[in-house]
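A short write-up of the structure that comes next.
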Amino acid sequence: MNVRELLESQSSVYAHKEYLFCGDGIWTYRQFDERVNQAANSFLEIGIKLGERVGLMLRNSPEFLFAWLGLNKIGAVMVPINTAFKEPEVSYIINHCSATGLIVSQETYEVADEVKKKSATLNWLASVEAIGDDPTLNLGVLWDKASKALKSIQLHENHLATIIYTSGTTGPPKGVMHAHRSYVLCGQAMIARSALTSDDRLMVILPFFHANAQFYSTMGSLAAGASLVVIPKFKASRFWHQARKYQATQFGFVGAIGRILIARPEDEFDPHHVIRVANGALVPENVYFAFTGRFKIPHVIDGYGLTECPSVSNNPIGGRVKIGSMGRPANLPNSGQPFSEMRVIDENGHELPANEIGELIVRSPVLMKGYYNDPQQTVEAVRDGWFHTGDYCYRDEDGYFFFVDRKKDIIRRKGENISSVEVEGVINAHPHVLESAVVAVASTLSEDEVKAFVVPKESLAATELIDWCMERLADFKLPRYIVFRENLPKTPTQRIAKYLLKELSIPEKYFDMAPYIQDKKR
């Protein structure tokens, strides 16, 4: 099944059911599908052809969905672009995938206009809203005039649907290619992951230009015949109000969002919400227990997935939950069969027994088609059908997988491997710490030193924090350098951008804790 077939099938079954909520706007399944058809017909009038790449540089909005699915309905390829990107970043993506068009808003038009002036492939810009007297195509006007019926187009489930560019933390961004089949299957896997039903309302607080909101929330809602609540931009102070207003039953979160919510003033929490499932990744214990206890959310699902291979694993909603675990391989609904396969291997590619740490490799029917225009990177990442994640993990005796660290973030000190995630977990558990990031820095003697960037909730001395760590960590894991900051750099999905912190030099104001640690050990 392709994306068009899924949408049109559900539009037929749930024609008059409310599907999309955003602001004060509400679209039924039929109204939503008809608007997508109008977008698709407009794209055909512009001359967009099967397989043509078109960039989307839009904040969360109904227009993002209309454009994305409208492109997919005619076999074009959607290329989502971070709305915070500057001209060089956007130009790289546009030129790398040879996109012929770019869809923008007032917010992103200025950058897009600069890109168009410099691009050899970009033929047109189109906006979802009027931009002064600029002749840029106004898609809203085109869509209003277009037919709500769409002619039949030959479209296979293996046709390319999207190219999503990675963050580029280990080199130039790579274009991850996904077929229509990946989206449909991920939507079906989401039903099993979250016990989704047509009564659910999924609230989207993560950006649509990220894989999470596309594969899980959007496709999960469509596959289940559920409803989708679109929040243009996550604001922690409004989260509980929005959850109650729209009667949201599920939401997805990543990165610091959990920590941000539990750190907000208690009077912002609305106990009358009806959220029953929070879908997260690498959920710390304090966030898990705050969500299930203080926030009264019955199910917090910790799982694992990548842009290259979504829906890899999760803790089963109706089964045993192991806090801190990525869970077991994901299932499809009503199948009882694993949707994905997971192995932990050593440096020679041999599978490791339980409780031994190695690199996680995964195999799945939703594995990417490859990296666009980059066969060498594709061959390095996918070997014999297995994707090498670059993540260090281990599997316990019960088949649950546990994340240790990114391979590139493992810190090597005094002949020992240190998980930055483990050290961060200890630091973040301090009652006066909001969040932290631990990275490796070069040592003058050998291997690495441990450097911790810490955002305190209130006044906190470096010595107090080290005392806390010394009670909970082996000496070789203790941070030598501590830097207090007002905030940490974030990606648009609220993950900490460690690569930016690694670029900072030691001369930034810091505390060298080595003398203090030595004195304490005497």
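Distance between the C-alpha centers of region 201-248 and region 375-435? Whole Å please.
28
Relative contact order for the chain: what percent, with Cα pairs under 8 Å and sequence separation of 6 or more?
The value is 10 percent.
Can you tell which of Leu137, Val36, Leu122 lies farthest toward the positive end of the dipole of the chain, using +1 and -1 charges on the Cβ of basic and acidic side chains (Lys, Arg; Asp, Glu)?
Val36
Could you give the Stokes-Einstein D for region 410-521 in µm² per second, using the C-alpha Kirkwood radius, 20 °C, 1.002 mPa s?
The estimated diffusion coefficient comes to 151 µm²/s.
Distance in nm between label sites at Asp199 and Arg238, each 7 Å beyond Cα in the beta-carbon direction?
Distance between the two pseudo-spin positions: 2.9 nm.
Between Asn334 and Met1, what's the calculated FRET efficiency when r is the beta-carbon distance and R0 is 22 Å? Round to 0.05.
With a Förster radius of 22 Å, E is 0.85.
Normalised by the number of residues in region 93-187, what is the relative contact order in percent for Cα pairs under 8 Å and 6+ residues apart?
20
Enumerate the amide H contacts of Lys17 below 5 Å, restricted to partners 5 or more residues apart or on another chain; note that Pro and chain-start residues carry no placed amide H.
Tyr29, Arg30
Which one of Ala474, Tyr392, Val379 has its Cα pushed farthest toward the positive end of the charge dipole of region 347-490, where Lys and Arg give +1 and Asp and Glu give -1 at the Cβ?
It is Val379.
Counting other C-beta atoms within 10 Å, which of Asp346, Asp448 has the fewest, and how do the rest follow?
Working: Asp346 12, Asp448 17.
Going from sparsest to densest Cβ surroundings: Asp346, Asp448.
What is the distance, in nm, between label points placed 7 Å from the Cα along the Cα-to-Cβ direction at Asn158 and at Ile26?
Between Asn158 and Ile26, the label points sit 4.4 nm apart.
Treat each spin label as a single point 7 Å out from the Cα along the C-beta direction, and report the Asp467 to Asp398 distance in nm.
A separation of 3.7 nm, rounded to one decimal place.
Given the rule -39500 (n - 2.57) for each run of at least 4 DSSP H residues, summed and divided by the residues of the chain, what is its mean residue ellipticity at 222 nm, to the nearest 500 deg cm²/dmol? Write out the running numbers ahead of the final one.
Numbers: 16 runs with 150 residues, N = 522.
-8000 deg cm²/dmol, from helical runs alone.
Suppose every K and R has +1 on its Cβ and every D and E has -1 on its Cβ; what is the size of the dipole of region 410-521 about the Cα centre, in Debye to the nearest 20?
Rounded to the nearest 20 debye, it is 240 debye.
Tell me, Val483, Val344 in order of fewest to most beta-carbon neighbours within 10 Å?
Sorted ascending by nearby Cβ count, the order is Val483, Val344.
Less than 16 Å from a label point 7 Å out along the Cα-to-Cβ axis of Arg412: which backbone N atoms in region 430-471 qualify, by residue?
Under 16 Å, as judged by backbone N against the label point of Arg412, lie 440-450 of region 430-471.
Would you work out the relative contact order for region 410-521, in percent, from Cα pairs under 8 angstrom that are 6 or more residues apart? All intermediate terms of the calculation are to be shown ahead of the outcome.
Values: 176 pairs, mean separation 26.5, N = 112.
24 percent.
Based on Cβ point charges of +1 for Lys and Arg and -1 for Asp and Glu, what charge dipole magnitude is obtained for the chain about its Cα centre, in debye rounded to the nearest 20?
Charge dipole, the chain, about its Cα centre: 520 debye, nearest 20.
What percent antiparallel are the DSSP beta bridges of the chain, to the nearest 5?
Values: 49 of 83 bridges.
Just about 60 percent of them are antiparallel.
As an exercise, use a Förster radius of 30 Å and the Cβ-Cβ distance of Asn95 and Glu129 to find the FRET efficiency, rounded to the nearest 0.05.
The value I calculate is 0.70.
Please list, in order along region 403-419, the HN-Hα scalar couplings obtained from phi with the Karplus expression 6.51 cos²θ - 1.76 cosθ + 1.60 (θ = phi - 60°), rounded to whole Hz, x for Gly and Pro.
Result, rounded to whole Hz: 7, 9, 5, 5, 3, 6, 9, 4, 9, 9, 9, 6, x, 10, 8, 10, 7.
No value in this document is a laboratory result; all are computed from the given coordinates. What you are looking at is a predicted structure, and each value in this text was computed from that prediction instead of being measured. In this analysis, Cβ positions are derived from the backbone assuming ideal geometry, glycine residues included, and neighbour counts consider all displayed protein chains.
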